[in-house]
Amino acid sequence: MTEPNTADLMEKIVSLCKRRGFIFQSSEIYGGLNGFWDYGPLGVELIKNIRDSWWNDMVRSRDDVVGLESSIIMHPKVWEASGHVGGFTDPMVDCKVSKQRFRADQIFYSPVVIDGHTAGYVSVLESERIAEELQEKADQFKRKKALQGKLEPVQPRDFTEAKPEEIPLIPSPATGEPGSLTPPRAFNMMFETHVGALRDESAIAYLRPETAQGMFADFKAILDTGRVKIPFGIAQIGKSFRNEITPRNFIFRSREFEQMEMEYFISDQDDWAKWHRYWIDWCRNWLVSVGVPASHLSEYDHPKEKLAFYSKGTTDIMFRYPFGVQELWGIAARGDYDLSQHARFSGAPLVYFDDATKRRYVPHVIEPAVGVDRIALAILCSAYCEDKAPDEKGNLETRVVLRLAPRIAPIKAAVFPLLKNKPELVKKAKEVRDLLRPHLTVFYDEAGAIGRRYRRQDEAGTPFGVTVDFDTLGEKGAELKDTVTLRDRDSMKQERVKIGELVGMLLEKTR
Ligand code: GAP
């Protein structure tokens, strides 16, 4: 088994996703829309399985977490209280020549210092090799300008740190020439819309940039149902929208995406660090259960000085994507900030009354927040591999296989008649398909040589292939009658299984 090199891997995954119907560019026939993606027939099953697994493990299997589906458009005051109207911004930079727009914290630059004097500046976009790329550009700069003297090592900084006098001297990453970059400006990432017939200020509303605020705004309503006692959580899965300046890396950073968030409310006197650790471990274990290898995961603790004033600690679970180690899941200890803010802005008392101690207090919250699309990408990147398998003539050929965890695979089993032109085989295979269909997602395929059909399902990540052959019909003896071959996607091994045992066996293997 080989893993393609990381530069190729993203290209191969994007191409496979398109070819096999996992993910398409949105509105592609109109040239696409940057930052928006559509999930095709296999993709929609994949993300449904991700959502269902999370919901099952996070909500249905626990006594202390309840579910919620709040509206996407909420009262605009929600976003004032949460701080999004005032502060949900990214620093944006325009290149006046190329008309391209960048996030200032994704442009890195350095002075080119020769014998202690600054001879100019070089810049690159964020990557895994920022310092090396800047050094290469500094070398080129020196050579091109035929400068003499000792070139000092580069000092990478991001564009938000640029002094006003440096800005005109830093080359645009689009043109390579200085003089065209604007100073960074704060850009609010919320999508605005209008509610009702009027288009004035009073009608402005926002597409939610996170699902979390639904849980805080409905905290009192859920408390009043009497179903919950601290510690407890409210979980939600739903679409969020951010007008990202630079959507990129396929579905990693999009403008419309889906979040799975849970707000876990604890006593103000409880040990928040213990709960924080508990949820970090829960999230890591859950990722492994859906097929993300533990070896690709790491943790990043946000430095204390970069945390919001109310935050006690934030840890990101990082995943090794082909384009670098990036945030997959954020677990934040947010204190009582959100409930207190909503109480202040709405006038509603968002407090908890502890029956045992007769104490009233504002609960604190631990928030694990993740994107479905980021998990889907992590799963696809982990699952993609190429190995060798024999073709019809026994020659080894490259096989592309998605080693998806069976619980996440879009199709659990594919059913094949060995030959299409034998009505008895076709009839029996369709009977087997109909037997499995009420229990599992199955796919029936009779087109082409059996080896080709196996390959197509390997690429789709289908963990099991069920083939109906002449033995199934009893042509080689009564003992094999009503048995099929069950092929394992990863090992390609085949075993003979009784049709009567197939449902139980496959349910067991794909749960
Ligand atoms: N309520 C907290 C919150 O929304 P966040 O770190 O901004 O925190 C949480 O987002 C998670 O949502 C991220 O860890 C990531 O998995 C996902 N996410 C955020 N922005 C995204 C985007 N533009 N595209 C895809 N996923 C995104």
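The values are calculated or read from the model by the stated rules, or taken from the named source; none is laboratory data. This structure is a prediction, so every number in the text was calculated from the model and none was measured. Cβ placement follows ideal geometry from the backbone for every residue including glycine, while neighbour counts extend to all protein chains displayed. Just the protein is used for accessible areas: all its heavy atoms, side chains included, with ligands, DNA and RNA removed. Shrake-Rupley method; radii C 1.70, N 1.55, O 1.52, S 1.80 Å.
Taking amide H as placed 1.01 Å from N in the peptide plane, GLY120 has its amide H under 5 Å from the amide H of VAL112, each at least 5 places away in sequence or on another chain. Each 10 Å bin from 0 upward holds the following percent of the Cα-Cα pairs of segment 304-362: 19, 29, 29, 15, 7, 1. Considering only PHE232, PRO417, THR211, the residue lying farthest towards the positive end of the dipole of the chain is PRO417, judged by Cα position with unit charges set on Cβ. Rounded if a/c is under 1.5, else prolate if a/b beats b/c, else oblate: with a ≥ b ≥ c from the C-alpha gyration tensor eigenvalues square-rooted, which is the chain? Since a/c reaches 1.5 but b/c is at least a/b, the shape of the chain is classed as oblate.
Packing-based ranking of 192-201, 411-420 yields 411-420, 192-201, ordered from highest to lowest mean Cβ neighbour count within 10 Å. For segment 375-496, the equivalent ellipsoid built from the Cα gyration tensor has semi-axes of 26, 17, 12 Å, listed from largest to smallest. Over all orientations, segment 457-511 has a Cα convex hull whose mean projected area works out to 4.0 square nanometres. What the phi angles of segment 159-171 give under the Karplus curve with 6.51, -1.76 and 1.60, with θ = phi - 60°, is a coupling list of 5, 5, 8, 5, 6, x, 6, 7, 3, x, 9, 8, x Hz, glycine and proline written as x. In this structure, the amide hydrogen of VAL415, modeled 1.01 Å from its nitrogen in the peptide plane, lies closer than 5 angstrom to those of PHE443, TYR444, ASP445, VAL466, counting only residues at least 5 positions away or on a different chain.
Carbon-plus-sulfur accessible fraction, segment 1-97 (probe radius 1.4 Å, protein heavy atoms only): 52%. Working note: Karplus 6.51/-1.76/1.60 with θ = phi - 60° gives segment 61-72 the couplings 8, 10, 7, 9, 10, 10, x, 8, 10, 9, 6, 6 Hz, where Gly and Pro are set to x.
Looking at the chain alone, DSSP beta bridges between its own residues are antiparallel in about 90 percent of cases. Measuring nothing but alpha carbons in segment 363-426 and taking Rh as the Kirkwood radius, the Rg to Rh ratio lands at 1.24. Our coupling estimate for segment 213-219, obtained by passing each phi through the Karplus curve with A = 6.51, B = -1.76, C = 1.60 and θ = phi - 60°, is 5, x, 5, 6, 5, 9, 3 Hz, Gly and Pro reported as x. Would you kindly calculate the translational diffusion coefficient of segment 97-236, applying Stokes-Einstein with the Kirkwood radius from alpha carbon pairs, for 10 °C and a viscosity of 1.306 mPa s, and quote it in µm² s⁻¹ without decimals? The estimated diffusion coefficient comes to 82 µm²/s. Close amide H pairs (under 5 Å, H built 1.01 Å from N) link GLY233 with VAL65, VAL66, PHE265, residues at least 5 positions away or on another chain. Inter-part distance, segment 10-35 to segment 241-293, computed on C-alpha centroids, equals 25 Å. Taking only the Cα atoms of segment 1-148, the radius of gyration and Dmax are 23.6, 71 Å. Quick check: Cα centre of segment 419-462 to Cα centre of segment 83-121, how many Å? Taking the Cα centre of each part, segment 419-462 and segment 83-121 sit 55 Å apart.
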